[in-house]
Amino acid sequence: MNEFSEEAQKIIEKSGNNPLYSLTVTEFEILVKSWMSQVIKSEQPEAEEKLITRQEACDFLRCSYPTVISYQKRGLLTGRRIGHKFFYDKNEIENALRRVNDSEAPSGIPPSRVPV
């Protein structure tokens, strides 16, 4: 479940059902830092993911920046925002390209844009 630091666990056990306003400033800081470290760990990409920037996706797909944004809006590409930048999983892009190449149906990505 939650993996708070040992110090944070003691504070949580001590406070029980008491509201947060019964904590000292130091205890509150410890809880927030422990919670933030959990959030940061959960946002870390998995080891097998190869995240690339939007510009790298443009280079890989041999298309313009607005085209990549258009593909994303149309659901052809999915990405994630980390901080103020947007990233795409390169494996996911490669799989989407394979589906496009294997499919006879129009995909929205012109054949001239599909890397071979």
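The values are calculated or read from the model by the stated rules, or taken from the named source; none is laboratory data. These numbers come from a predicted model, not from an experiment. With ideal geometry, Cβ positions are generated from the backbone for all residues, glycine too; neighbour counts draw on all protein chains shown.
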### Task
Would you tally the residues in region 48-93 being among the acidic types (Asp, Glu), in a helix (DSSP H, G or I) and at pLDDT 90 or above?
2
### Query
Taking only pairs six or more apart or across chains, which ones have beta-carbon atoms under 8 Å, a first residue in region 65-83 that is more than 17 Å from Leu51 (Cβ to Cβ), and a second residue that is at pLDDT below 90 and part of a helix (DSSP H, G or I)?
Thr67/Arg113; Leu76/Ala96
